[in-house]
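Down below is the structure, laid out as structure tokens.
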Amino acid sequence: MRRVRKALPLLGCVLLGCALLAWFAPGAWLRRDEPPPTPPRRTAYEPAAFIDQAQDHLRRHPGDTRTWADLGGAYLEQARRTGDPAFYGKAQGALQRSLPHIDAVIGMGALANARHDFALALRWGTRARRAAPYRWPLYAVLTDAYVELGQYVKADRVLRHLLDGRPDLVSFTRAAHLFQLRGQSARAREALERAREIASDPADYAFCVWQLGELAWSDGDPRAALAAYTEALAADPSHTPSLAGSLAGKARAEAALGRFADARRDYAAAVTRSPSFVVEYGELLQHLGDRAGARRLYAVFRAQVKVQAANGVTDSLAVGRYEADHGSPAVAVRELRAEWGRRHSVDVADALGWALHRAGHHADAARYAAYADRLGGRNALFAYHRGEISRALGRTDSAHAQLARALSINPYFSPDGPTKARAALGGAA
């Protein structure tokens, strides 16, 4: 009994301490009959449902920075799924409310990549790495930024770190992209197959199969590409990028196989879901002699550029490519020189080289066309551009080698290009 009496004061202190901790703990200022707040957590499949839950929670608990960060990420996911750039502004607002939460820092990097501000994405990713080097999503931000900036050695290094720490769908799909840039189609396909095997979200599965279709198309196999695109369409019809991309890819493959009515139908369906493919569709219509239809689609592209700019998205690469072939080559050169000042990727190098060629600056164009081949990739359009530039410079042997290479990689790489390449080769290929 004496031991019990001695223990009572100590027990009272412990209980008092617990009461004080409970009083000052988060949520302690709630009414006695109100349960502590339970913030919603993002699910893998339903960002739209999470957005509604998070908005409701934040109306009652506006200081919950973690939920603000999660909401920003959900807005980004909705932008990816729907193709609606209006979600970027919403994502920015939510992420800024949650800074300096590490998830918000990573989210700001992902947002910058989505808006094509890759230098800013690199700064956010670097900041996140310094603060929390074992948060794996930051390495996806860094990999994307380095690839788009043309810093491929650094992209390899960061991606290797990501693969070692988190070999998942995020890392495998990025590895596939880097392999493809280097012309390593078999390794790219293997990485995409591994990503498809572990994809649990229908949207992720559809994305992987769509990318397998893109790989088959770039390797000049329209039948395999068509099969992959059809599978992707069945996997998740609600995932706009995969849906639109697979519809456009299916149309591309159908045109290669001479099924032009099917191609027009599928291109029309693709552009109603995403305007990303309006120029491609316009080029097919132009090839088929429907110049009025092509002009209407090019007007849609110009309008979309303005909409994207209003939502903070700048795509000088797409604008430059369009102007080089369908607008003003001088404008294309101006846009792409500015883009080259921001990043030295092989895509920008090819586009700038082609714009310079279209503007009559063939010698300057040849330098950029050569740079576009620096990774040793298998890109039929790059080879075609380099061949035409060499032809303009009177370098016949080089021109024939590059044009033949373009046709050997993918004899269907554009509506008009293969026909022009064969004519330049004298019908030999």
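Based only on Cα atoms, what mean projected area does the convex hull of segment 107-211 have, in nm²?
Working: hull surface 25.4 nm².
Hull-based average projected area comes out at 6.3 nm².
Could you grab the relative contact order for the chain? Cα pairs under 8 Å, six or more apart, rounded to a whole percent.
On the way: 624 pairs, mean separation 41.4, N = 429.
The value is 10 percent.
Please give the per residue accessible area of segment 74-183, computed with a probe of 1.4 Å over protein heavy atoms only, in Å².
On the way: 4710 Å² over 110 residues.
Counting only protein heavy atoms, the per-residue value for segment 74-183 is 43 Å².
Accessible surface of Trp210 in the full protein assembly, 1.4 angstrom probe, to the nearest 10 Å²?
40
So which DSSP H runs in the chain come out at 30 Å plus along the axis (Cα) with average Kyte-Doolittle of at least 0.5? Could the numbers behind the result be given before it?
Values: long enough: 2-24 (34 Å, 1.20).
Correct list, ordered by number: 2-24.
Consider the candidate values [x] 1.07; [y] 1.19; [z] 2.09; state which one is Cα Rg over 2.2 N^0.38 Å computed from the structure displayed.
So the calculated entry is the one marked [y].
Loop-only trypsin sites (Lys or Arg not before Pro) in segment 201-301, please: DSSP not H, G, I, E or B, and at most 12 other Cβ atoms within 10 Å. The partial results should precede the final answer.
Working: sites: Arg223, Lys250, Arg252, Arg259, Arg264, Arg265, Arg273, Arg291, Arg295, Arg296; in loops: Arg259.
Answer by residue number: there is no such site.
Give me the one-decimal nm value for the distance between modelled label points at Ala309 and Thr65, 7 Å along each residue's Cα-to-Cβ direction.
Going from the Ala309 label point to the Thr65 one covers 3.7 nm.
Would you tell me the accessible area of Phe382, worked out with a 1.4 angstrom probe on the heavy atoms of the protein chains, in Å² to the nearest 10?
About 20 Å², ignoring ligands and nucleic acids.
Using heavy-atom solvent-accessible surface (probe 1.4 Å) with all chains present, what is the largest-first order of Ile198, Ile106? Walk me through the numbers before you get to the answer.
Details: Ile198 85, Ile106 20 Å².
Result of the area sort, largest leading: Ile198, Ile106.
For a quick check, take a GNM of the chain with Cα springs below 10 Å and name the residue from Leu169, Leu212, Leu257 with the largest mean-square fluctuation.
Ranking Leu169, Leu212, Leu257 by mean-square fluctuation puts Leu257 first.
Rounded to the nearest 500 deg cm²/dmol, what is the calculated helix-only ellipticity per residue at 222 nm for the chain, with -39500 (n - 2.57) per DSSP H run of length n ≥ 4?
Values: 23 runs with 325 residues, N = 429.
Helices in the chain give a 222 nm mean residue ellipticity of -24500 deg cm²/dmol.
The values are calculated or read from the model by the stated rules, or taken from the named source; none is laboratory data. The structure presented is a predicted model; accordingly, all values stated were derived computationally and were not measured. Reconstructed Cβ throughout: ideal geometry from the backbone, glycine too, with neighbour counts over all protein chains shown. Remember, those area values only see protein heavy atoms, side chains included, never the ligands or the DNA or RNA. Shrake-Rupley method; radii C 1.70, N 1.55, O 1.52, S 1.80 Å.
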